[in-house]
1. Report in % the part of the accessible area of chain A that belongs to carbon and sulfur, leaving out ligands and nucleic acids; probe 1.4 Å.
2. How would you classify segment B:230-319 from its alpha-carbon gyration tensor, with a ≥ b ≥ c the square roots of the eigenvalues: rounded for a/c under 1.5, else prolate if a/b is greater than b/c, otherwise oblate?
3. Given charges of +1 on the Cβ of Lys and Arg and -1 on the Cβ of Asp and Glu, with all other atoms neutral, how large is the dipole of segment B:137-283 about its Cα centre, in debye to the nearest 20?
4. Sorting check: for B:21-34, B:372-385, B:352-365, B:265-278, which peptide has the highest mean count of neighbouring beta carbons within 10 Å, and how do the rest follow?
5. With +1 assigned to the C-beta of every Lys and Arg and -1 to the C-beta of every Asp and Glu, and no other charges, what is the dipole magnitude of chain A about the Cα centre in debye, to the nearest 20?
6. Take B:ARG362, project a point 7 Å from its Cα along the Cβ direction, then tell me which residues of segment B:260-278 have their backbone nitrogen under 16 Å from it.
7. Among the listed pairs A:LYS66/A:LYS90; B:LYS303/B:LYS380; B:LYS347/B:LYS380; A:LYS11/B:LYS303; A:LYS7/B:LYS195, which are separated by more than 20 Å between their Cα atoms?
8. For the protein assembly as shown, state the semi-axes of the equivalent ellipsoid (square roots of 5 times the eigenvalues of the alpha-carbon gyration tensor), sorted largest first and rounded to whole angstrom.
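The values are calculated or read from the model by the stated rules, or taken from the named source; none is laboratory data. Keep in mind that this is a model prediction, so the values were computed, not measured. A quick note on method: Cβ atoms are made from the backbone with ideal geometry, for glycine too, and the neighbour counts reach across all protein chains shown. When the accessible area is computed, the model is the full protein with side chains, heavy atoms only, and any ligands, DNA or RNA have been set aside. Shrake-Rupley method; radii C 1.70, N 1.55, O 1.52, S 1.80 Å.
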Amino acid sequence: MIEKKTKPGWKTLPEGDVIAGGGTAQEFKTGDWRSKRPIFIPEKCIHCLTCWVYCPDSAIMVKDGKVIGYDYDHCKGCGICEHECPVKGKAITMSLEREAKPECKEGGKK
Amino acid sequence: MAKTNIVAKTGNEAMAEAMRQINPDVVAAYPITPATEIVQIFAGYVADGVVDTEFVPVESEHSAMSACIGSSAAGGRTMTGTSSQGLALMAEMLFIAAGLRLPIVLADVNRTLSSPINIHCDHSDTMMIRDAGWVQIFSENAQEAYDNMIQAVRIAETARVPVIVTTDGFIISHGMERIEILDDQEVKKFVGEYKPKDYLLNFDKIVTLGALDLTDYYFEHKRQQIEALRNSKPVILDTAKDFAEKFGRSYGLFEKYKLDDAELAIVAMGSTAGTAKVAIDELRDKGMKVGLLKPRVFRPFPKEEIAEALKGMKAIAVMDRSDAMTGHEGPLCLEIKAALYDKGINKTLVNYIYGLGGREIRLDEIEAVYKDLADAARGKPQENVNYLGVRE
């Protein structure tokens with residue numbers, strides 16, 4: 001019932017399924033149903049940015065031309081980054097979400 | 001009064017002429033009998049440079065309506081034309097156009113649906129998509145088709161709902177009639193410049209359109225759409241009023257022909273209304289108090305207004321040029337019955353399914369319906385649903 005009160009009703013909602021403003025996908029956290037997460041291994045990474053190119057959710061975080069981690073709010077855990085990583089032995093490995101959580105606190109946004 | 005040009009045109013030519021004068025930004029279409037000529041003639045206008053329209057020849061009607069949705073969402077005034085199987089193939093996209101509140105105008109020539117395959121008139125195609133959320137306007141002749149097309153643009157863009165204007169396949173679409181064409185500039189002024197509220201090519205106000213809408217928002221959006229359809233009724237009337245003031249031809253939600261003092265009424269849509277008017281004149285000469293109610297707007301259905309207009313009748317026949325396969329009455333009859341019920345009006349009401357697959361409806365058949373009604377008014381029991389003109 002609380003949810004019904006806080007969301008706009010039909011009289012105030014923008015008509016015709018219009019969402020005002022651009023870039024609204026940023027607000028939609030798609031990472032919460034991920035079953036696997038990418039684990040970054042910084043010492044192996046050559047910063048070729050192949051993962052950044054292939055990531056369908058723009059979830060590879062890059063600063064000054066170097067990979068610094070992943071945006072776990074939006075990463076859906078598809079594993080394309082791991083598949084495309086050209087480094088021998090991989091600088092990205094996919095781990096089960098429930099197993100990966102403790103080690104990953106500093107790897108991503110939160 | 002604005003000057004008019006009297007010409008001989010078929011229904012299809014009249015609709016194409018209206019489209020030339022409206023000069024939409026985009027027309028995306030795929031040909032189908034008996035509506036082909038509308039977009040064929042219009043494509044000629046595009047090729048000759050007499051309109052500014054971007055014409056998109058697509059590979060199917062599904063694609064035609066998809067392209068229309070894209071164009072309308074981008075901010076363009078958008079029109080198309082189709083019929084029958086084409087309308088059926090568009091069905092999925094028709095619901096999307098309406099849900100996104102895109103003011104597309106569609107010229108639809110009523111033709112039956114397969115199977116058996118048949119290219120002739122009945123209202124099955126338009127009735128099939130009556131729940132799609134489009135305003136549906138029926139025309140009795142080429143003149144009405146022309147006038148309705150011009151009004152449809154304003155109705156769609158003011159009420160922000162898509163509009164279908166229909167004619168009857170071959171009977172109107174290919175029958176040549178005397179019609180009055182308005183001056184190009186007058187039409188331009190009447191439809192005005194299209195100013196969309198939200199559109200994808202507006203870089204000053206970015207919007208997302210057609211996002212996923214689950215259990216938390218879908219119902220609210222549908223409720224808005226229902227309200228928009230309801231609100232289109234005054235828009236239809238205002239547009240008709242302005243049209244009558246400027247050009248002298250009056251339209252409403254429905255037309256009454258010798259109905260006010262009538263005791264026996266036929267309710268019929270499209271070209272059959274013209275035949276009924278002739279029958280009424282003949283029967284009136286013989287002293288029968290007969291009249292016609294011709295719904296022009298089928299969606300939104302003018303429920304209260306029609307019930308009010310029919311309340312004084314002794315007996316009513318509703319003519320359905322399609323069968324909704326309910327196992328009982330046709331779609332128009334069900335609407336009329338619901339309308340009368342809510343007003344507490346309990347009249348003798350008989351349903352006639354007629355003209356399926358283009359089976360002609362003759363004067364003597366309509367006269368026979370009125371005679372059945374006269375019997376019914378005297379208390380003779382009638383079948384609920386009758387199939388007029390079918391061989392036993």
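1. Carbon and sulfur: 56 percent of the exposed surface of chain A.
2. Because a/c hits 1.5 or more and a/b exceeds b/c, segment B:230-319 counts as prolate.
3. It works out to roughly 440 debye.
4. B:265-278, B:21-34, B:352-365, B:372-385
5. So the dipole magnitude of chain A works out to roughly 280 debye.
6. B:275-276
7. From A:LYS66/A:LYS90; B:LYS303/B:LYS380; B:LYS347/B:LYS380; A:LYS11/B:LYS303; A:LYS7/B:LYS195, over 20 Å: B:LYS303/B:LYS380; A:LYS11/B:LYS303; A:LYS7/B:LYS195.
8. So the equivalent ellipsoid measures 55, 26, 20 Å along its semi-axes.
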